[in-house]
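Beneath this line is the structure, given in structure tokens, with notes to follow.
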Amino acid sequence: EHRGPRGSFATGPSLAHNRKNEEDPLHMAECKAAKELTVVEYDAAESEREVEQRPNRRKVKIYLFRHAESTANERSDLIGGRAPTAILSTKGEYQAVKLGKHLKFCGTTFDEIYCSSSKRAIQTANIVLNEMGQTPNIVTSDELLEQCHGGWEGRVRKEVATPEVAAAQARNIWRYQPEGLNTDGLEAESPQQVEARMHRFVEQNILARRGVDDTPKTVAIFGHGLACKFFLRGVMQFNPLMSRKIRLDNTAITEVEYDTAKGSRGGWNVLRINDHAHLTEAAALVDKSQELPETPMNVPL
């Protein structure tokens with residue numbers, strides 16, 4: 001089992017944060033959506049664009065993993081956000097080991113592996129892949145980071161959750177941005193902005209067809225709870241208020257598939273959300289049952 005220091009992790013290639021210029025059509029669409037379109041109008045436009053782009057895409061199955069428990073998660077009374085210094089807790093390391101063992105038992109392998117550039121996500125990916133026996137060819141990107149909460153990061157939740165904030169979020173939570181800057185001087189992001197950058201990353205780096213190879217690929221993304229929820233909102237096009245009603249536990253498996261078939265069979269399909277069976281008591285019993293008792297037939301000679 002993984003018993004390395006909590007702060008140790010290895011990284012692979014990094015995809016630079018791609019800041020779009022004002023002439024980029026996709027960037028302009030995002031800007032317009034943030035300022036003008038209702039969520040219903042935005043979803044309708046995205047559905048049309050998806051159908052148009054489908055011939056240029058490849059069939060992919062994507063495993064979305066929330067990172068294992070981190071030191072930031074141990075303080076649930078505080079707003080974490082980016083939490084750049086957070087590393088895995090002891091419990092988190094155990095969770096990552098269990099996930100890796102589970103994926104190996106299921107025979108899962110990944111053709112491509114992408115990861116948030118945060119320490120806790122990279123640590124999770126390395127432990128999981130080590131347990132799977134898979135080479136950690138990890139590509140990291142800032143585009144997969146958690147939602148930035150600006151000046152709220154590190155503050156007590158109860159102090160931030162004022163009636164005024166609750167009312168503002170109820171009016172339009174999809175575009176709501178907390179005030180102030182975080183410790184890195186970054187402005188807060190709205191759920192819509194996080195959704196847009198997550199989908200932009202997936203479109204450009206995962207869905208885009210590469211040459212003539214039409215072989216379906218299996219891809220892993222090691223990321224964060226809110227970022228994954230907002231990505232799912234774009235996939236399923238549900239009311240943004242439902243995003244925070246989706247539970248994603250640490251190391252939970254969420255699985256989606258992009259199909260290039262024509263008609264209603266094509267596009268996004270959701271296969272499972274928040275599968276954390278590997279952390280249940282049943283999983284622990286399975287692990288224990290695999291250790292054969294020392295009966296006369298099993299005792300070494």
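If only residues of region 39-48 that are loosely packed, with under 14 Cβ neighbours inside 10 Å and not hydrophobic (A, V, I, L, M, F, W, C) are counted, the one that is nearest to the chain's Cα centre (by Cα) is S47. For the residues I79, I87, the requirement of being at pLDDT 95 or above and either of a type in the set (V, I, T) or open to solvent by 10 Å² or more (accessible area, probe 1.4 Å) (or both) singles out I87. The set of residues in region 140-168 being within 23 Å of the chain's Cα centre (by Cα) and either of a type outside the set (G, A, S) or open to solvent by 70 Å² or more (accessible area, probe 1.4 Å) (or both) consists of T140, D142, E143, L144, L145, E146, Q147, C148, H149, W152, E153, R157.
For region 181-194, the candidate set comprises residues that are assigned to a loop (DSSP other than H, G, I, E, B) and either at pLDDT below 90 or out of contact with any Phe, Trp or Tyr (no Cβ under 9 Å at 6 or more places or on another chain) (or both); within that set, the residue that is nearest to A227 (Cα to Cα) is E189. Among residues of region 46-73 that are over 15 Å from A220 (Cα atoms) and in a loop (DSSP other than H, G, I, E, B), none has a Cβ under 6 angstrom from a residue that is open to solvent by less than 20 Å² (accessible area, probe 1.4 Å) and charged (D, E, K, R) at a sequence gap of 6+ or on a separate chain. The set of residues in region 217-268 being modelled with pLDDT of 95 or more, part of a helix (DSSP H, G or I) and among the small types (G, A, S) consists of G225, A227, G234.
For region 49-68, a residue qualifies if it is in contact with a strand residue (DSSP E or B) (Cβ under 8 Å, 6 or more places away or on another chain), of a type outside the set (S, T, N, Q) and surrounded by fewer than 23 Cβ atoms within 10 Å (Cβ to Cβ), and the qualifying residues are E50, V51, R54, R57, R58, K59, V60, K61, Y63.
Evaluate region 50-61: report whether one residue or more is closer than 30 Å to S264 by Cα and among the aliphatic types (A, V, I, L, M). Yes; the residues of region 50-61 include at least one that is closer than 30 Å to S264 by Cα and among the aliphatic types (A, V, I, L, M).
The rows are residues; the columns are (1) out of contact with any strand residue (DSSP E or B) (no Cβ under 7 Å at 6 or more places or on another chain); (2) under 28 Å from G92 (Cβ atoms).
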{"residue": "I127", "(1), (2)": "yes, yes"}
{"residue": "L144", "(1), (2)": "no, yes"}
{"residue": "R171", "(1), (2)": "yes, no"}
{"residue": "P178", "(1), (2)": "yes, yes"}
{"residue": "A188", "(1), (2)": "yes, yes"}
{"residue": "M198", "(1), (2)": "yes, yes"}
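The values are calculated or read from the model by the stated rules, or taken from the named source; none is laboratory data. Quick caveat: nothing in here was measured; it's all calculated off a predicted structure. Using ideal geometry, Cβ is built from the backbone for each residue, glycine included, and neighbour counts are taken over all protein chains shown. For accessibility, only protein heavy atoms count, side chains too; no ligands or nucleic acids. Shrake-Rupley method; radii C 1.70, N 1.55, O 1.52, S 1.80 Å.
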